[in-house]
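Notes follow once the structure below has been shown.
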Amino acid sequence: MKPRLAFILAIVISALAGCASYKPVSPAFHAALNQSYRLDSGDVLRVTVFEQAGLTNAYPVDKAGYVSFPLVGSVPARGRTTTQLEAEIANRLRDGYLNDPDVTVQVETYRPFFIMGEVATGGQYAYFPGMTVQKAIAVAGGFSPRAEQGTVDITRQVGKRILTGRVLVSDPILPGDTVYVRERWF
């Protein structure tokens, strides 16, 4: 009887030790969901300069975080909102190229998200607005038979910090997030 009790006690202690290592995520992790979208590498932008068909086009944000725009060269986009980028492009065009440029910037294609762990096919996938963890898992072929299906870990960049938080599968994800589906214990 004593070896059995020792075995059960060892399992309980192991489970509690796993719970003790979990730390609540920073409030900034969830606050990022309510902030204006910030541009980064991998985004493709539709820049429209009204009455200037030669300048209106789709422009990718390169690995360094810049948009290469005709006439004005490389414009920093990383960390900016579309409204901030509109103003920057308009100011540069106003400086010797156009009198009163009317510029709009929209995200045409969002940077991808990544999913790994206990899913059928981990990897990089296209993001679409309104995506939840559950939809991301569906895109990756669903849960593997060993998957923990209640919560997942998401790693995201918030400003200059990289934060990881445990969320429900009904929670939203953002472009650039990495979703990790853990293995269940039993």
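The values are calculated or read from the model by the stated rules, or taken from the named source; none is laboratory data. This structure is a prediction, so every number in the text was calculated from the model and none was measured. Positions of Cβ are backbone-derived with ideal geometry, glycine not excepted, and every protein chain shown enters the neighbour counts.
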(request) Could you tell me which of the residues Leu45, Leu39 is at pLDDT 95 or above, under 23 Å from Thr109 (Cβ atoms) and assigned to a loop (DSSP other than H, G, I, E, B)? (result) Leu39
(message) Need pairs with beta-carbon distance below 8 Å; first residue touching a residue at least 60 places away in the same chain (Cβ under 8 Å) and within the range 137-165, second exposed (fewer than 14 other Cβ atoms within 10 Å of the Cβ) and assigned to a strand (DSSP E or B); sequence gap 6+ or separate chains.
(response) Arg156/Ile162
(message) So, Tyr127, is that one among the hydroxyl-bearing types (Ser, Thr, Tyr), in a loop (DSSP other than H, G, I, E, B) and either touching a residue at least 12 places away in the same chain (Cβ under 8 Å) or in contact with a helix residue (DSSP H, G or I) (Cβ under 9 Å, 6 or more places away or on another chain) (or both) or not?
(response) yes
(message) Condition check: surrounded by fewer than 17 Cβ atoms within 10 Å (Cβ to Cβ), under 16 Å from the mean Cα position of the chain (by Cα) and within 21 Å of Ser36 (Cα to Cα). Does Phe128 satisfy that?
(response) yes
(message) Just to check your reading of the model, which residue among Val105, Val119 is over 29 Å from Phe50 (Cβ atoms) and surrounded by 14 or more Cβ atoms within 10 Å (Cβ to Cβ)?
(response) Val119
(message) Just to be sure I understand the filter: pairs with C-beta atoms under 7 Å, separated by 6 or more residues or on different chains, first member in the range 166-186 and surrounded by 18 or more Cβ atoms within 10 Å (Cβ to Cβ), second member part of a loop (DSSP other than H, G, I, E, B) and basic (Lys, Arg). Which pairs pass?
(response) Pro175/Arg111; Gly176/Arg111
(request) Would you point out the residue of the range 93-147, among those that are basic (Lys, Arg) and in contact with a Pro (Cβ under 8 Å, 6 or more places away or on another chain), that is modelled with the highest pLDDT? (result) Arg111
(request) Please indicate, with yes or no, whether at least one residue in the range 109-117 is free of Cβ contacts under 8 Å to residues at least 12 places away in the same chain, farther than 18 Å from His30 by Cβ and either not assigned by TED's automatic domain parsing to the domain that holds Arg80 or not charged (D, E, K, R) (or both). (result) no
